[in-house]
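Here is the structure we will look at, set down as structure tokens.
The values are calculated or read from the model by the stated rules, or taken from the named source; none is laboratory data. This structure is a prediction, so every number in the text was calculated from the model and none was measured. So basically every Cβ, Gly included, is an ideal-geometry build from the backbone, and we count neighbours across all protein chains shown. These accessible areas exclude ligands, DNA and RNA; they are computed on the full protein's heavy atoms, side chains included. Shrake-Rupley method; radii C 1.70, N 1.55, O 1.52, S 1.80 Å.
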Amino acid sequence: MAILRYATLRFITMLLTLLVVSVLIFIIINLPPGDYLSNQLTELRATGQEAGIAKAEFMYHEYAMDRPLWEQYTIWMGFTPGPQGYSGMLQGDFGWSFEFDRPVSEIVGEALWLTVLVNVAAVLFVYLVALPLGVLAAAKAKTWVDYTSSFIGYLGLATPNFLLALMLFYYGHRYFDLPIGGLMAPELEGEPMSLEKVKSILVHLIVPTFVIGTAGAAGMMQRLRANLLDELGKPYVETARAKGLPPAKRLWKYPLRMAFNPFVADIGNLLPSLISGSVLVSVVLGLQTIGPALLTALKTQDQFLAGFILLFVALLTLVGTMISDVLLMLLDPRIRYGGRDG
């Protein structure tokens, strides 16, 4: 019951935080002078294109960009009616992309779940690689196993993602016939989901998952090794050794659980950091994620597209943080939220 009560409280807190974040995102996006339509209107007036001017002015009014900033925000979120009535985020209308001249929902539709898929795969890769190597390096400290793991970790941290992507782009395709570029075969883009499409996506995921997850896995492995070595040097471990507890049980029973806490807490930051760090990789590998769209939106001041993507990343951060908090409560009985239980 305590966990359910805490999860409900965290969910309500998450919604309130998301509301505050949405305000900050909207304000920051509108901080630079001008916007996409204002810049376009200036260019059109300079060249005397009357038809283009009329269309841009209509769009400017249609999306309430001629109203005060606070009113633009409430219309964008769907709290108050705009020229099109109640039609905002809450109603499932994510706005219009002026750069692509299409609804935001059409641009990010398939890209959203592909972005989540790529980054969830990268998170799994990070944990599946970092945890065994980190534990092994700590258990075999100052041996060739430890030195080899450390070398792999430093190499992963020192290699830029885009450089690793370019290397795998060439060698992966040449020697292993790995498909590079995109997240599925070109002929399957826009097609309904099928077994063939799923297979194509899984094969195309190999390189992006490795590229995006390498630096995170290397950093996590080094931190886990350091934390676990610190725990193994504490008196309670020495007491367990003196009592004759087997080495494996002495490692797994308490030290690893204590050393693992920070990595559970990192779940909230891992997904958004991977997404932000994968923008350049997405451009290099031609991935159909929201990274390239966000880059274009920020450069062109396409506010509705940029706002939705940033809000989506914020949502991932908050959901990840909520999950990590609940897992920490389950993992470590010493942690208590909102008072004592019983």
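Figures for the structure shown
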item: The chain: C-alpha pair distances exceeding 37 Å, %; result: 35 percent
item: Nearest-20 debye value, region 70-214 charge dipole, Cβ charges on Lys, Arg, Asp, Glu; result: 840 debye
item: Of the DSSP H helices in the chain, those whose Cα atoms cover at least 30 Å axially and whose Kyte score averages 0.5 or more; result: 2-29, 104-139, 195-232, 303-331
item: Largest-first ordering by accessible area, 1.4 Å probe, given options Met193, Met322, Met220; result: Met193, Met322, Met220
item: Sequence-distant residues sharing a close amide H with Gly82 (under 5 Å, placed H); result: Ser87
item: Built amide H within the under 5 Å cut-off of Trp96, gap 5+; result: Val104
item: Rg followed by Dmax, in Å, when region 112-244 is reduced to its Cα trace; result: 19.2, 65
item: Aspartates and glutamates whose Cα lies under 18 Å from that of Lys243, excluding same-chain neighbours fewer than 8 positions away; result: Glu231
item: Using a Förster distance of 30 Å, the FRET efficiency for Leu69-Ala46 (Cβ separation, nearest 0.05); result: 0.70
item: Charge dipole (debye, nearest 20) of the chain; +1 at Cβ of Lys and Arg, -1 at Cβ of Asp and Glu; result: 2360 debye
item: Portion, in percent, of the accessible area of region 1-150 that falls on carbon or sulfur, probe 1.4 Å; result: 69 percent
item: Helix-only CD estimate at 222 nm, as mean residue ellipticity for the chain, using -39500 (n - 2.57) per DSSP H run (n ≥ 4); result: -24500 deg cm²/dmol
item: Per residue accessible area of the chain, 1.4 Å probe, in Å²; result: 53 Å²
item: Unit charges on C-beta of K, R, D, E only; dipole of region 1-152, Debye; result: 1000 debye
item: The chain: most fluctuating residue of Ile28, Ile309, Ile206 per GNM, C-alpha cutoff 10 Å; result: Ile28
item: Shape category assigned to region 13-88 from the gyration tensor of Cα positions, a/c cut at 1.5; result: oblate
item: Choice from Ala51, Ala293, Ala314 showing the highest fluctuation, given a GNM over the chain with Cα pairs closer than 10 Å; result: Ala51
item: Top of Pro179, Pro32, Pro292 by mean-square fluctuation, Gaussian network on the chain, Cα under 10 Å; result: Pro32
item: Dipole of the chain, positive direction: furthest Cα of Gly156, Gly52, Tyr254, with charges on the beta-carbon; result: Tyr254
item: Average Cα contact separation per residue, the chain, under 8 Å, 6 or more apart, as relative contact order %; result: 24 percent
